[in-house]
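Taking it in order: structure first as structure tokens, then the write-up.
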Amino acid sequence: MAALSAEDLTGIETALAAGRKPKVQFTEAAGQIAGQIGQVVALTDRAASDEFVVVKFGRDELPFSPSDLRIAPRGATAPVKKAPEPAPVVPPGPEFVIDKPAPAPRTPVEAPAAVKAESPAPAPRKAAAKPAKAKPGPSLTVTLAYGEGEWTVAAQQGAKALARPYVIRPAEALKIVSLVDVPGVQEAVEQIMAAERAEAQAQAERLRAELAEVEARLAELT
């Protein structure tokens with residue numbers, strides 16, 4: 001069946017004037033709604049737009065051109081949509097997400113004067129302020145040194161000397177070093193101790209020999 005002719009439009013205008021809403025059927029030119037049935041509710045100014053036939057389709061009243069419509073055949077009614085069958089219950093499983101944008105749905109008919117509102121872009125969030133780092137105090141340096149047969153300890157905090165180098169016993173030096181688990185340090189201290197011990201033993205033997213000579217001479221004199 002062809003699109004609405006001039007005679008069809010005249011008949012529709014007469015029916016509207018009588019208070020009726022004549023039925024029309026969408027042609028293939030209307031796209032996805034081809035074959036559907038609607039009711040003409042008004043005819044607008046033909047000079048203002050080619051889409052001057054206002055059709056009620058469902059809950060919407062939208063304008064169409066005569067090429068989108070034809071007189072509905074007698075007894076034609078809008079096809080009844082079957083209720084969709086309930087989807088089978090599937091136990092929840094792992095969710096797989098594909099990073100692919102979903103295709104935008106095609107709307108059957110758009111009103112010529114429709115205005116699309118754009119939502120404002122969200123304001124960028126400010127980065128959270130980083131907590132201020134506490135200012136470190138002056139460094140503390142404790143020095144254990146050995147030189148000229150003596151062990152000394154000194155302490156300094158920043159540029160301030162807390163303790164000038166003072167002499168400590170070898171046993172105290174060995175105890176301090178044992179608290180620091182640094183490979184090689186304790187062995188070096190033990191080697192120094194062994195050398196001092198050997199020198200002290202040699203000196204003791206010399207003194208005993210000198211003392212024996214002095215006692216022998218004293219015995220001769222008495």
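The values are calculated or read from the model by the stated rules, or taken from the named source; none is laboratory data. All of these numbers come straight from a predicted model, not from anything done at the bench. FYI the Cβ positions are ideal-geometry reconstructions off the backbone, even for glycines, and counts take in every protein chain you see. Accessible surface areas use protein heavy atoms only, side chains included; no ligands, DNA or RNA. Shrake-Rupley method; radii C 1.70, N 1.55, O 1.52, S 1.80 Å.
When residues in the stretch 11-30 are screened for being assigned to a helix (DSSP H, G or I) and under 11 Å from Ser67 (Cα atoms), 3 of them pass. Among the residues of the stretch 142-153, the one identified as touching a residue at least 24 places away in the same chain (Cβ under 8 Å) and farther than 18 Å from Arg197 by Cβ is Leu144. The residues listed here are Val177, Val153; of these, the one that is within 22 Å of Gln191 (Cα to Cα) and modelled with pLDDT under 85 is Val177. Looking across the stretch 187-222, the residues that are within 20 Å of Trp151 (Cβ to Cβ) and open to solvent by 70 Å² or more (accessible area, probe 1.4 Å) come down to Glu187, Glu190, Gln191, Arg197, Glu199, Gln201, Gln203.
State which residue is nearest to Lys21 (Cα to Cα) when the search covers only the stretch 54-94 and only residues that are of a type outside the set (A, V, I, L, M, F, W, C) and modelled with pLDDT under 55. Quick ask: steps written out before the conclusion?
The first filter runs over the stretch 54-94 and keeps only residues of a type outside the set (A, V, I, L, M, F, W, C), leaving 56, 58-61, 63, 65-68, 70, 73-75, 77, 79, 81-82, 84-86, 88, 91-94.
From the residues that got through so far, the ones that are modelled with pLDDT under 55 too are 79, 81-82, 84, 91, 93-94.
Working: Pro79: 19, Lys81: 23, Lys82: 26, Pro84: 31, Pro91: 50, Gly93: 53, Pro94: 54 Å.
Among them, the one singled out is Pro79.
Could you list all residues from the stretch 49-65 that are out of contact with any Asp or Glu (no Cβ under 6 Å at 6 or more places or on another chain) and farther than 15 Å from Asp8 by Cα? Don't jump to the end; show me each part of the working.
Going through the stretch 49-65, the residues out of contact with any Asp or Glu (no Cβ under 6 Å at 6 or more places or on another chain) turn out to be 49-53, 55-62.
Hits for the stretch 49-65 are Ser49, Asp50, Glu51, Lys56, Phe57, Gly58, Arg59, Asp60, Glu61, Leu62.
I'm checking my understanding of the structure. Among residues of the stretch 38-71 that are outside any loop (DSSP other than H, G, I, E, B) and within 14 Å of Ala3 (Cα to Cα), which one is nearest to the chain's Cα centre (by Cα)?
Phe64
Summed over the stretch 188-215, the residues that are under 60 Å from the mean Cα position of the chain (by Cα) and farther than 14 Å from Pro170 by Cα give a count of 0.
Collect the residues in the stretch 23-41 that are touching an Asp or Glu at 6+ places or on another chain (Cβ under 8 Å) and open to solvent by 20 Å² or more (accessible area, probe 1.4 Å), keeping them in residue-number order.
Keep residues of the stretch 23-41 that are touching an Asp or Glu at 6+ places or on another chain (Cβ under 8 Å), which gives 26-27, 29-30, 34, 41.
Hits for the stretch 23-41 are Ala29, Ala34, Val41.
For the stretch 154-208, a residue qualifies if it is without any contact (Cβ under 8 Å) to a residue 12 or more places away in the chain and hydroxyl-bearing (Ser, Thr, Tyr), and exactly one does: Ser178.
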